Amino acid sequence: MAAARKLVLHFDVNETIMVGDPASGVDFESSLNHILAKVAFLDKDNKDFWHDGTPLDLAKRKDGEIPPLLTNFDAETGPVLKCYEANRKNALWPPSKFTDPGLPGEIYRPLFEELKQQLQWKASKNEVFAPDGHHFLLPAFFHTLAELEKQGRDFTLVIRTFGTDLPEVARCLQAFARGEHPDFPQKFERFGLALEDALWVLRREDRSDVQSPIYLRRYEEHLGKEGLGQDMSAPDRVSYTDELGPDEKVVDFIASKPVLAIRDDYHHWRKMRYVPESGKPLWISLDDDVQHIFFDDNIHNKAHDSIVAVRARKSSSEPFRAVSGEVTRLLEGVLLVKAHPVEAIRDKDYFLREIQRCEEKFELMSKHGSLRGLLQPA
């Protein structure tokens, strides 16, 4: 049996491996409501009803009648509408209050309480793993790292975010590596993310062009909330000490590290109107033996709106180019995983199962040649 190929596992932070977004002012309970609102769906044609045809009006519902949550990737393309999207600007029923008493989402309140209980920190007070009394990073995330290590897998861990939370994540990984997590007392020294390796930022050479070559820079200081800034033509405001690029050198460097943390360019993605080609880069070269897999809750089944930019090449002699948004959709379950923290909170093996799903589909598509045919650059 052939040896399993090397993995490069990219994990988004907020609402993928963390519940809450302190940098954006989203507290734990609001984030937990967001997570549920993203997998609860309405009837697209009649928003007074849930996707299963039952009424939103609490007075008209039967006891114990709860519409199933939808976590399959195809749900977004059906005759349904995600509650999170439908109510983002609804002052009466915002996603942050999705399960509050008296609101239609109250029917999911028992699940909200279950998830909250699952994430409650039960060991002695810990300012690194549970600064607010609940797990800072999901136990399923640490379980995934521990299990892959036990299996002897060759893999790199890459933390990816648009936000400002990399120093806190680095400290959490350092403590985990030292064996200080009470649920994972074994030492995993290679996951000791040095703070200087949490200062890397991905930057397109021309921030106004989604196809521009990408460089990895390590800045002298942690970038603030504005990151690289809103002006696509402005020079860097903070000096950098290291630079790698273009893409192929970035990919080689990432794969050579046991663990790395990278800040992505949110303002570029927003300026390009959230098209997948402008999102967080992920690379695939069909002539190497490395498989990148990216977990992010904002991977969508939409050609015009998703958060990961797959950049492909058929051989190492060619440059990387971003593939189309339509192709990106087809790579969920191969290179991309739309992360569902509601599943990860309830099942510690969630990320491991998804990795296996991607590996199996990747091997099948590679064997039949369909992956090569699909990855035509945009």
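The table below gives the values:
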{"quantity": "Förster radius 22 Å - calculated FRET efficiency between residue 114 and residue 71 (Cβ-Cβ, nearest 0.05)", "calculated": "0.90"}
{"quantity": "Label selected from [x] 19.6, 64; [y] 20.7, 65; [z] 25.8, 88, the criterion being Rg and Dmax of the Cα atoms in Å as computed here", "calculated": "[y]"}
{"quantity": "Across 225/361; 97/122; 38/249; 187/348, pairs whose alpha-carbon gap is larger than 29 Å", "calculated": "225/361; 38/249"}
{"quantity": "Inter-centroid distance (Cα atoms) of the stretch 80-145 relative to the stretch 168-189, Å", "calculated": "24"}
{"quantity": "Centre separation in Å (Cα based) which lies between the stretch 24-78 and the stretch 323-347", "calculated": "20"}
{"quantity": "Calculated FRET value between residue 27 and residue 52, using beta carbons and R₀ = 22 Å, to 0.05", "calculated": "0.15"}
{"quantity": "Semi-axis lengths (Å, descending) of the ellipsoid that matches the C-alpha gyration tensor of the stretch 73-201", "calculated": "33, 19, 16"}
{"quantity": "Compactness index (Cα Rg / 2.2 N^0.38 Å), the stretch 214-310", "calculated": "1.14"}
{"quantity": "Where labels lie 7 Å past Cα in the beta-carbon direction, separation of residue 234 and residue 45 in nm", "calculated": "4.9"}
{"quantity": "Longest DSSP-loop-exposure-free segment, GluC sites (Glu not before Pro), the chain, at most 12 other Cβ within 10 Å", "calculated": "227-378"}
{"quantity": "Rg [Å, one decimal], Dmax [Å, integer] - the stretch 24-119, C-alpha atoms", "calculated": "12.7, 38"}
{"quantity": "Normalised convex hull volume, the stretch 144-302, alpha-carbon set, Å³ per residue", "calculated": "129"}
{"quantity": "Viscosity 1.567 mPa s, temperature 4 °C, Stokes-Einstein D of the stretch 127-229 from Kirkwood C-alpha radius, µm²/s", "calculated": "84"}
{"quantity": "DSSP H segments from the chain that extend 24 Å or more along their own axis, Cα-based, with Kyte-Doolittle mean of -1.0 or above", "calculated": "350-368"}
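We did not get these values from a lab; they are worked out from the coordinates using the rules stated. A quick note: this is a predicted structure, and the numbers were derived from the prediction, not measured. Positions of Cβ are generated from backbone atoms using ideal geometry, with glycine treated the same way; all protein chains shown enter the neighbour counts.
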